[in-house]
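Step one of this worksheet: look at the structure below.
The values are calculated or read from the model by the stated rules, or taken from the named source; none is laboratory data. A quick note: this is a predicted structure, and the numbers were derived from the prediction, not measured. Note: ideal-geometry Cβ built from the backbone for every residue, glycine included; neighbour counts use all protein chains shown. We work out accessible area using only protein heavy atoms, side chains counted, and drop any ligands, DNA or RNA first. Shrake-Rupley method; radii C 1.70, N 1.55, O 1.52, S 1.80 Å.
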Amino acid sequence: MKIFITGAYSGLGYAFAKEAAKRGHIVYAGVHKKEQLALLEKKSMEDNVFLFPVLFRLGKEEDYQMMDTMDFDVIILQAGIAEGGSMLEIDLNRLEKNYQINVFENLKVLQKYLRRCLITKQKGKIFLTSSMAAFLPLPYLGSYTSTKLSLYALGKTIQKELKMQQLKVDLCLIMPGAYQTGFNDYMILNKEKDMYFNDQEAEKVTKKQQKMFNLLEEKDFEPLAKKIVSSFEKEHLPKYISYPFSQKLGIKIYRIFSSLLEL
(Lines give C-alpha, C1' and ligand atoms only; values in the text may rest on other atoms or scores of the structure.)
Protein backbone atom coordinates (compact mmCIF):
# COMPACT_ATOMS: atom_id res chain seq x y z
CA MET A 1 0.00 0.00 0.00
CA LYS A 2 0.96 3.66 -0.39
CA ILE A 3 0.97 5.69 2.82
CA PHE A 4 1.23 9.45 3.38
CA ILE A 5 2.23 10.51 6.90
CA THR A 6 2.42 14.13 8.05
CA GLY A 7 4.81 15.09 10.85
CA ALA A 8 7.02 12.11 10.00
CA TYR A 9 10.44 13.60 10.67
CA SER A 10 10.70 12.34 14.25
CA GLY A 11 8.81 10.88 17.19
CA LEU A 12 5.70 8.81 16.59
CA GLY A 13 5.34 10.02 13.00
CA TYR A 14 8.76 8.64 12.09
CA ALA A 15 8.02 5.42 14.02
CA PHE A 16 4.85 4.92 11.94
CA ALA A 17 6.74 5.65 8.71
CA LYS A 18 9.61 3.32 9.57
CA GLU A 19 7.33 0.43 10.56
CA ALA A 20 5.24 0.80 7.38
CA ALA A 21 8.37 0.86 5.21
CA LYS A 22 9.80 -2.19 7.01
CA ARG A 23 6.64 -4.09 6.09
CA GLY A 24 7.03 -3.27 2.41
CA HIS A 25 4.68 -0.31 2.04
CA ILE A 26 5.52 2.78 0.01
CA VAL A 27 5.76 5.69 2.44
CA TYR A 28 5.61 9.41 1.71
CA ALA A 29 7.01 11.00 4.85
CA GLY A 30 5.97 14.62 5.36
CA VAL A 31 8.38 17.07 7.01
CA HIS A 32 7.87 20.77 7.81
CA LYS A 33 11.35 22.14 7.04
CA LYS A 34 13.32 21.92 3.78
CA GLU A 35 16.54 20.96 5.55
CA GLN A 36 14.76 17.96 7.06
CA LEU A 37 14.33 16.32 3.66
CA ALA A 38 17.97 15.27 3.37
CA LEU A 39 18.25 14.57 7.10
CA LEU A 40 15.25 12.23 7.02
CA GLU A 41 16.60 10.42 3.97
CA LYS A 42 19.91 9.89 5.77
CA LYS A 43 18.22 8.74 8.99
CA SER A 44 16.00 6.26 7.16
CA MET A 45 18.99 4.81 5.30
CA GLU A 46 20.78 4.31 8.63
CA ASP A 47 17.68 2.45 9.84
CA ASN A 48 17.67 0.32 6.67
CA VAL A 49 14.28 1.53 5.45
CA PHE A 50 13.35 3.42 2.30
CA LEU A 51 11.11 6.48 2.54
CA PHE A 52 10.07 9.26 0.18
CA PRO A 53 10.55 12.49 2.20
CA VAL A 54 8.23 15.31 1.06
CA LEU A 55 7.92 18.90 2.25
CA PHE A 56 4.43 19.22 3.71
CA ARG A 57 3.73 22.16 6.03
CA LEU A 58 0.33 22.57 7.63
CA GLY A 59 -1.05 25.96 6.62
CA LYS A 60 0.82 26.13 3.28
CA GLU A 61 -1.62 25.92 0.38
CA GLU A 62 1.14 25.17 -2.14
CA ASP A 63 1.97 22.04 -0.17
CA TYR A 64 -1.68 21.00 -0.07
CA GLN A 65 -1.83 21.21 -3.88
CA MET A 66 0.98 18.66 -4.03
CA MET A 67 -1.48 16.07 -2.71
CA ASP A 68 -3.14 16.12 -6.14
CA THR A 69 0.02 14.67 -7.70
CA MET A 70 0.67 12.05 -5.01
CA ASP A 71 -0.70 8.52 -5.30
CA PHE A 72 -1.48 7.10 -1.85
CA ASP A 73 -4.12 4.90 -0.23
CA VAL A 74 -3.81 5.79 3.46
CA ILE A 75 -3.25 9.13 5.17
CA ILE A 76 -1.97 9.47 8.75
CA LEU A 77 -2.43 12.99 10.14
CA GLN A 78 0.24 13.17 12.81
CA ALA A 79 1.59 16.73 12.49
CA GLY A 80 0.77 19.30 15.15
CA ILE A 81 2.19 21.98 17.43
CA ALA A 82 2.09 22.74 21.16
CA GLU A 83 2.00 26.18 22.73
CA GLY A 84 1.82 26.15 26.52
CA GLY A 85 0.44 28.93 28.66
CA SER A 86 -2.10 29.90 31.28
CA MET A 87 -5.63 30.03 29.92
CA LEU A 88 -6.20 33.01 32.26
CA GLU A 89 -3.93 35.27 30.23
CA ILE A 90 -2.46 33.46 27.23
CA ASP A 91 -1.96 35.62 24.17
CA LEU A 92 -4.99 34.75 22.04
CA ASN A 93 -2.81 34.80 18.91
CA ARG A 94 -0.86 31.87 20.35
CA LEU A 95 -4.07 30.06 21.27
CA GLU A 96 -5.44 30.69 17.80
CA LYS A 97 -2.24 29.29 16.29
CA ASN A 98 -2.75 26.07 18.26
CA TYR A 99 -6.27 25.67 16.90
CA GLN A 100 -5.40 26.80 13.39
CA ILE A 101 -2.67 24.19 12.95
CA ASN A 102 -3.91 21.31 15.09
CA VAL A 103 -7.61 21.50 14.26
CA PHE A 104 -8.47 23.57 11.18
CA GLU A 105 -5.46 22.72 9.01
CA ASN A 106 -5.68 19.01 9.81
CA LEU A 107 -9.38 19.11 8.99
CA LYS A 108 -8.62 20.91 5.72
CA VAL A 109 -6.16 18.18 4.69
CA LEU A 110 -8.66 15.49 5.73
CA GLN A 111 -11.41 17.06 3.62
CA LYS A 112 -9.10 17.33 0.62
CA TYR A 113 -8.23 13.65 0.86
CA LEU A 114 -11.90 12.74 1.34
CA ARG A 115 -12.93 14.67 -1.79
CA ARG A 116 -10.30 12.80 -3.79
CA CYS A 117 -11.65 9.48 -2.51
CA LEU A 118 -15.13 10.49 -3.66
CA ILE A 119 -13.97 11.58 -7.10
CA THR A 120 -11.76 8.54 -7.76
CA LYS A 121 -14.17 6.17 -5.96
CA GLN A 122 -11.25 4.67 -4.08
CA LYS A 123 -11.60 3.20 -0.59
CA GLY A 124 -10.15 5.68 1.89
CA LYS A 125 -8.36 5.12 5.18
CA ILE A 126 -7.73 8.06 7.49
CA PHE A 127 -5.87 8.19 10.79
CA LEU A 128 -6.44 11.33 12.86
CA THR A 129 -4.14 11.83 15.84
CA SER A 130 -5.72 13.07 19.04
CA SER A 131 -4.27 12.28 22.48
CA MET A 132 -5.13 10.76 25.84
CA ALA A 133 -4.26 14.20 27.20
CA ALA A 134 -7.50 15.42 25.62
CA PHE A 135 -9.31 14.08 28.69
CA LEU A 136 -7.01 15.68 31.26
CA PRO A 137 -7.41 19.28 32.52
CA LEU A 138 -3.65 19.96 32.70
CA PRO A 139 -2.87 23.46 34.04
CA TYR A 140 -0.90 25.67 31.63
CA LEU A 141 -1.25 23.06 28.87
CA GLY A 142 -4.92 23.60 28.05
CA SER A 143 -4.11 25.46 24.84
CA TYR A 144 -2.78 22.16 23.48
CA THR A 145 -5.00 19.57 25.19
CA SER A 146 -8.18 21.40 24.18
CA THR A 147 -7.19 21.13 20.50
CA LYS A 148 -6.77 17.38 20.94
CA LEU A 149 -10.20 17.16 22.57
CA SER A 150 -11.60 19.05 19.57
CA LEU A 151 -9.94 16.56 17.21
CA TYR A 152 -11.43 13.68 19.20
CA ALA A 153 -14.94 15.15 18.98
CA LEU A 154 -14.53 15.93 15.27
CA GLY A 155 -13.21 12.44 14.59
CA LYS A 156 -16.16 10.76 16.31
CA THR A 157 -18.58 13.00 14.40
CA ILE A 158 -16.88 12.31 11.06
CA GLN A 159 -17.09 8.56 11.72
CA LYS A 160 -20.87 8.84 12.11
CA GLU A 161 -21.24 11.05 9.02
CA LEU A 162 -19.19 8.65 6.89
CA LYS A 163 -21.46 5.79 7.97
CA MET A 164 -24.63 7.82 7.36
CA GLN A 165 -23.48 8.72 3.85
CA GLN A 166 -22.42 5.09 3.22
CA LEU A 167 -19.00 6.23 2.03
CA LYS A 168 -16.19 3.75 1.53
CA VAL A 169 -13.90 5.65 3.88
CA ASP A 170 -12.78 4.57 7.36
CA LEU A 171 -11.45 6.93 10.02
CA CYS A 172 -9.44 5.76 13.00
CA LEU A 173 -8.59 8.02 15.93
CA ILE A 174 -5.05 7.54 17.24
CA MET A 175 -5.06 8.19 21.01
CA PRO A 176 -1.45 7.98 22.20
CA GLY A 177 -0.42 8.50 25.78
CA ALA A 178 2.74 10.28 26.89
CA TYR A 179 5.76 9.30 24.79
CA GLN A 180 9.37 10.41 25.17
CA THR A 181 9.67 12.45 21.97
CA GLY A 182 10.75 15.81 23.44
CA PHE A 183 7.35 17.23 22.52
CA ASN A 184 6.08 17.27 26.10
CA ASP A 185 9.22 18.94 27.42
CA TYR A 186 8.92 21.67 24.82
CA MET A 187 5.26 22.22 25.62
CA ILE A 188 5.94 22.51 29.35
CA LEU A 189 8.87 24.87 28.99
CA ASN A 190 7.63 27.22 26.25
CA LYS A 191 5.11 28.94 28.51
CA GLU A 192 5.21 32.74 28.68
CA LYS A 193 6.46 33.02 32.26
CA ASP A 194 6.56 36.83 32.32
CA MET A 195 2.76 36.85 31.92
CA TYR A 196 1.84 34.82 34.98
CA PHE A 197 -0.20 36.27 37.83
CA ASN A 198 1.81 34.06 40.19
CA ASP A 199 5.25 33.11 38.87
CA GLN A 200 6.07 30.91 41.86
CA GLU A 201 2.94 28.79 41.46
CA ALA A 202 3.62 28.41 37.75
CA GLU A 203 7.16 27.24 38.47
CA LYS A 204 5.83 24.65 40.93
CA VAL A 205 3.42 23.31 38.32
CA THR A 206 6.18 23.15 35.70
CA LYS A 207 8.44 21.10 37.99
CA LYS A 208 5.58 18.74 38.91
CA GLN A 209 4.68 18.24 35.24
CA GLN A 210 8.29 17.53 34.32
CA LYS A 211 8.47 14.87 37.01
CA MET A 212 5.11 13.44 35.95
CA PHE A 213 6.05 13.14 32.28
CA ASN A 214 9.52 11.77 33.09
CA LEU A 215 7.81 9.06 35.13
CA LEU A 216 5.01 8.25 32.67
CA GLU A 217 6.56 8.73 29.23
CA GLU A 218 6.77 5.56 27.16
CA LYS A 219 10.13 5.13 25.44
CA ASP A 220 9.26 2.28 23.06
CA PHE A 221 7.35 3.54 20.01
CA GLU A 222 7.32 0.21 18.19
CA PRO A 223 4.22 -1.43 19.76
CA LEU A 224 1.98 1.50 18.80
CA ALA A 225 3.55 1.73 15.35
CA LYS A 226 2.87 -1.97 14.77
CA LYS A 227 -0.75 -1.53 15.85
CA ILE A 228 -1.21 1.34 13.38
CA VAL A 229 0.38 -0.46 10.43
CA SER A 230 -1.31 -3.82 11.04
CA SER A 231 -4.68 -2.06 11.28
CA PHE A 232 -4.52 -0.41 7.85
CA GLU A 233 -3.39 -3.69 6.31
CA LYS A 234 -6.85 -5.06 7.15
CA GLU A 235 -10.00 -4.32 5.19
CA HIS A 236 -11.53 -2.00 7.80
CA LEU A 237 -9.98 0.31 10.38
CA PRO A 238 -10.89 0.19 14.07
CA LYS A 239 -12.70 3.23 15.49
CA TYR A 240 -9.68 4.14 17.62
CA ILE A 241 -6.27 2.90 18.71
CA SER A 242 -5.10 3.84 22.20
CA TYR A 243 -1.72 2.92 23.65
CA PRO A 244 0.03 2.23 26.01
CA PHE A 245 -2.58 0.26 27.92
CA SER A 246 -1.29 1.26 31.37
CA GLN A 247 -1.83 4.95 30.61
CA LYS A 248 -5.19 4.24 29.00
CA LEU A 249 -6.31 2.42 32.15
CA GLY A 250 -5.01 5.24 34.32
CA ILE A 251 -7.01 7.82 32.36
CA LYS A 252 -10.20 5.75 32.69
CA ILE A 253 -9.74 5.40 36.46
CA TYR A 254 -9.04 9.12 36.78
CA ARG A 255 -12.19 10.04 34.81
CA ILE A 256 -14.37 7.73 36.92
CA PHE A 257 -13.09 9.10 40.23
CA SER A 258 -13.18 12.72 39.08
CA SER A 259 -16.80 12.26 37.96
CA LEU A 260 -17.73 10.76 41.34
CA LEU A 261 -16.09 13.65 43.18
CA GLU A 262 -18.15 16.13 41.16
CA LEU A 263 -21.46 14.50 42.16
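Of the residues 21, 221, 48, the one whose Cα sits farthest towards the positive end of the charge dipole of the chain is 21 (charges of +1 on Lys and Arg Cβ, -1 on Asp and Glu Cβ, taken about the Cα centre). The alpha-carbon of residue 18 sits under 16 angstrom from the alpha-carbons of these aspartates and glutamates, leaving out residues fewer than 8 places away in its chain: 41, 46, 47, 220, 222, 233. Taken one residue at a time, the phi angles of the range 163-168 give Karplus couplings (6.51, -1.76, 1.60, θ = phi - 60°) of 5, 4, 7, 6, 8, 8 Hz. Gly and Pro are set to x. The 3J(HN,Hα) values that the Karplus relation (6.51, -1.76, 1.60; θ = phi - 60°) gives for the range 32-43 are, in residue order, 10, 9, 4, 5, 6, 4, 5, 5, 5, 4, 5, 4 Hz. Gly and Pro appear as x.
Rolling a 1.4 Å probe over the protein heavy atoms gives the range 1-157 an accessible area of 45 Å² per residue. Ligands, DNA and RNA aside, residue 179 has an accessible area near 10 Å² when probed at 1.4 Å.
Computed with a 1.4 Å probe on the full set of protein chains, the accessible area for residue 72 sits at about 0 Å².
Taking all pairs of distinct Cα atoms, average 1/r, flip it, and tell me the Kirkwood hydrodynamic radius of the chain in Å to one decimal place. It would help to have the intermediate numbers written out before the result.
Details: mean 1/r = 0.0519 Å⁻¹.
For the chain, inverting the mean 1/r across all distinct Cα pairs yields 19.3 Å.
Kindly identify the range 154-241 as rounded, prolate or oblate by the Cα gyration tensor criterion: order the square roots of the eigenvalues as a ≥ b ≥ c, call it rounded if a/c is under 1.5, otherwise compare a/b with b/c, prolate if a/b is larger, else oblate. It comes out oblate by the Cα gyration axes.
Atom-type composition of the exposed protein surface of the chain places 56 percent of the accessible area on carbon and sulfur (1.4 angstrom probe). On the beta carbon distance between residue 153 and residue 118, with R0 = 30 Å, the FRET formula returns roughly 0.80. Helical content alone sets the calculated 222 nm signal of the chain at -15500 deg cm²/dmol, taking -39,500 (n - 2.57) per DSSP H segment of four or more residues and averaging over every residue.
Based on C-alpha pairs under 8 angstrom that are at least 6 apart in sequence, the range 136-261 has a relative contact order of 33 percent. Rolling a 1.4 Å probe over the protein heavy atoms gives the range 168-263 an accessible area of 64 Å² per residue.
Considering all projection directions equally, how large on average is the shadow of the alpha-carbon convex hull of the range 17-141, in square nanometres? Taking a quarter of the hull surface, the average projection is 9.5 nm².
Solvent-accessible surface (1.4 Å probe) assigned to residue 32 amounts to roughly 110 Å². Rounded to the nearest 20, the size of the Cβ-charge dipole of the range 147-226 about its Cα centre is 360 debye, with Lys and Arg at +1 and Asp and Glu at -1.
Loop only per DSSP, at most 10 neighbouring Cβ atoms within 10 Å: give me the trypsin sites (Lys or Arg not before Pro) in the range 163-246, ordered by residue number.
Qualifying residues, ordered by number: 219, 234.
Largest mean-square fluctuation among 143, 86, 246, in a Gaussian network model of the chain whose springs join Cα atoms under 10 Å apart, belongs to 246. Given the options 187, 197, 232, identify the residue whose Cα lies farthest towards the positive end of the charge dipole of the range 146-263 (+1 on Cβ of Lys, Arg; -1 on Cβ of Asp, Glu). So the residue we want is 232. Here the 3J(HN,Hα) profile of the range 84-95, calculated from phi with Karplus coefficients 6.51, -1.76 and 1.60 at θ = phi - 60°, is x, x, 6, 5, 5, 8, 4, 4, 5, 5, 6, 5 Hz, Gly and Pro shown as x.
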